[in-house]
Each structure stands twice: as structure tokens, then as C-alpha cells.
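J.: Could you have a look at this structure, given as C-alpha cells, before my questions?
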Amino acid sequence: MAIHRTAIIDDNAEIGENNDIGPFTVIEGRVRIGNDNRIGPSTIIEGNTTIGNGNHIHGHVYIGNLPQDLAYKGGETFVRIGDNNTIREYATVHRGTEEGSETVIGNRNYFMVASHVAHNCILGNDIIMVNGAGLGGYVEVQDHAFLGAFSVAHQFTRIGGYSICGILTKVTKDIPPFMMVDGNPALVRGLNAIGLKRNGFSPDRRSLIKKAFNIIYRNGNSISTSLSKLKLLYDENDRSEDLQYIIDFIQSSKRGVLLKSPVHSGNSKNGQCE
């Protein structure tokens, strides 16, 4: 373990084996850090933060700071980060707001320069947030999602797995899995076809997801009609897990699903197709 002589580490912190901690880094409070992590210079990690193994946290990162939430009353809240994540310069991760709550980041994610994860966000695995991308409080980002540079997600929204948000995208409603979204206001532009191919989706799987996309975004259906047709498609295709994922995501939405596409954007209300 190599800890630079200028690093400041709280006596209450627990540091595992084979960690490199750079100069002028501050680790304050009941921080728990696993094994084989690299932490760059002038990074601050504080509060009740737990970090797993094999992460590379670059310089000038701030993890575990107070939430930017007026509802925060000073209670004990947490940050939990998994394994093999890369967190680049000036990225920030804030702790939860309500007593006992936490901000959670999974494994193998890549957070580029100045990206921001707000209080109580839940992030899965293999997510990429490009420079300046930001998440409001209580946002959920599911596995393999991609957020382009300076894209922003409003609090309480969800971003489905294998979806992609273009540069400067403004997300105010839930983005279903597998979709390609861009713009302010955001529009569903199509399927994230390249992302699906890169992640090993077979032609048959991609074709079936394309059929689901057409039902939701190209046939002018109401959301209830779309769900009925998706369920029929699901039954006709050996109960496809991909279709089940889309159906469950739509049915569990609380903010409403982004159903606006360029085809229907002129005939929509509140971002939803008629």
C-alpha cells in the first residue's frame, strides 16, 4: 500500500490492502475502502462512504459530500460504490438525504470529467457518463446506459438499460430500455442499435426489440394499447426477457414514460403520444 506522506486519513477510516493514495488526498470520517484501488491527488472522500475493490478514482474527485437538497437535516446518510469503476477528474458523488438513505453505484462504470451523481441516485453496472453529464436526486440509471456530454436527468427520472442520451439531452420523463434519445425537449430518435450490437444482442433479439419500438413509437398507439400489443408480442415470442423488461419498465413508471418521437412530436401533449 502506497499512501503519499501528504495524504490526510482519518483514524476512523478503514483502508484495505494494495491501495495507492495520492498526494493531498483527504479521507475523512467512517470511510471504508477495499483493496487494489487507485486514488489520485487532491481527492476528497468523506462521510459514511464505502468503496469496493479495483476502482480508479482520479485527482480532484469529491465523494460523499452533503446532498444539494434543502430537505437534508443533517442525518446519517451514505454512499456505496462497488468494484472496478473509473471516476475521472472533478466528478462528484453526493450522499443520501433522508436519515439512513444512500446513493448507490454498481460495478464497472465510467464517470468522465465533471460528471455528477446527486443524492439517492441508484446506478447499476457498465454505465458511461460523459463529461459534464449530471443526475438530479433520486435518479435511477440501469445497466449499460450511456449519457452523452452535458446531458441532464431531472430528479426521480429513470434511464433504462442499454439506452443512450445524446449530447445536451434534457431528461424529464423515464426513458425506456434500448432507446436512443436526444434533444431539449428530449425526443426518442430510434433504437440504440449500435449499442445493442456492441453488447452482443443477436439479430433476432434486435429485430424483436425493433417490433416493440414500432408498437410504442411508430403506430400511433395510446400507452394502454401499446402495452396490450407488447404483451401479445411477448406471448408470441417465447416470453422474451427483453420484451418483459420493456413492459415492466413502462408499467412501473411513476413520472411517466417519454413517448415523444419526431414522428409524433407535432401531435402530442406533455411529451406523450396520443
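Coordinate-derived values only; no laboratory data. Keep in mind the model is a prediction, meaning the values are calculated, not measured. Reconstructed Cβ throughout: ideal geometry from the backbone, glycine too, with neighbour counts over all protein chains shown.
J.: Per residue of the chain, what 222 nm ellipticity follows from adding -39500 (n - 2.57) for every DSSP H run with n ≥ 4, rounded to the nearest 500?
T.: Counting only the DSSP helices, I get -5000 deg cm²/dmol.
J.: Quick one: which residues, 5+ away or cross-chain, put their amide H under 5 Å from the amide H of Leu187? H built at 1.01 Å from N.
T.: Result for Leu187 returns Asp182.
J.: What list of ³J(HN,Hα) couplings, whole Hz, do you get for segment 111-123 from phi and the Karplus terms 6.51, -1.76, 1.60, once you set θ to phi - 60° and write x for glycine and proline?
T.: 10, 7, 3, 6, 6, 9, 10, 7, 4, 6, 6, 10, 10
J.: What is the distance in Å between the Cα centres of segment 77-138 and segment 192-215?
T.: Using only Cα atoms to place each centre, the spacing works out to 28 Å.
J.: A further question follows. Tell me, Cys121, Cys165 in order of fewest to most beta-carbon neighbours within 10 Å?
T.: Going from sparsest to densest Cβ surroundings: Cys121, Cys165.
J.: Which of Ser163, Ser226, Ser207 ends up with the largest GNM mean-square fluctuation for the chain, with Cα atoms connected below 10 Å?
T.: Top of the fluctuation ranking is Ser207.
J.: Within the chain, what's the longest stretch lacking trypsin sites (Lys or Arg not before Pro) that sit in DSSP loops with no more than 12 other Cβ atoms inside 10 Å?
T.: For trypsin sites (Lys or Arg not before Pro) (loop position, at most 12 other Cβ atoms within 10 Å), the longest site-free span of the chain is 74-238.
J.: Okay, moving on. Translational diffusion coefficient of segment 2-138 at 20 °C, 1.002 mPa s, Stokes-Einstein with Kirkwood Rh over Cα pairs, in µm²/s as a whole number.
T.: Estimated diffusion coefficient is 149 µm²/s.
J.: Relative to the longest principal Cα axis of the chain, at what angle does helix 223-236 sit, 0 to 90 degrees, rounded to 10?
T.: Taking Cα atoms only, the helix is inclined about 90 degrees.
J.: Also, I was wondering about something else. Show the residues, 5+ positions off or on another chain, whose built amide H is closer than 5 Å to the amide H of Leu123.
T.: Val104, Ile105, Gly106, Val141
J.: Loop-only GluC sites (Glu not before Pro) in segment 99-142, please: DSSP not H, G, I, E or B, and at most 11 other Cβ atoms within 10 Å. Walk me through the intermediate numbers first.
T.: On the way: sites: Glu99, Glu102, Glu140; in loops: Glu99.
Passing both the DSSP loop test and the Cβ count: Glu99.
J.: Tell me, what HN-Hα J-couplings in whole Hz come from the Karplus equation 6.51 cos²θ - 1.76 cosθ + 1.60 at θ = phi - 60° for each residue of segment 241-256, using x for Gly and Pro?
T.: Each residue's phi maps through the Karplus curve to give 5, 5, 5, 4, 4, 5, 4, 4, 4, 5, 5, 8, 5, 9, 8, x Hz.
J.: Something else now. Name the residues whose placed amide hydrogens come within less than 5 Å of the amide hydrogen of Gln68, ignoring near sequence neighbours (fewer than 5 apart) on the same chain.
T.: Amide H neighbours of Gln68, under 5 Å, 5+ apart: His119.
J.: Can you give the three extents of the C-alpha atoms in the chain along their principal axes, from longest to shortest, in whole Å?
T.: If we take the Cα atoms of the chain, the spans are 64, 40, 29 Å.
J.: If you don't mind, another one. Could you work out the Kirkwood radius for segment 197-273, taking every pair of different alpha carbons, averaging 1/r and inverting it, reported in Å?
T.: 13.2
J.: Report the GluC sites (Glu not before Pro) located in segment 1-58 that are in a DSSP loop and have at most 16 other Cβ atoms inside 10 Å of their Cβ, or state none.
T.: Glu17
J.: In whole Hz and in residue order, list the ³J(HN,Hα) couplings for segment 57-72 that follow from phi through the Karplus curve 6.51 cos²θ - 1.76 cosθ + 1.60, θ = phi - 60°; x for Gly and Pro.
T.: 9, 7, x, 6, 8, 10, 10, x, 5, 4, x, 8, 8, 5, 6, 5
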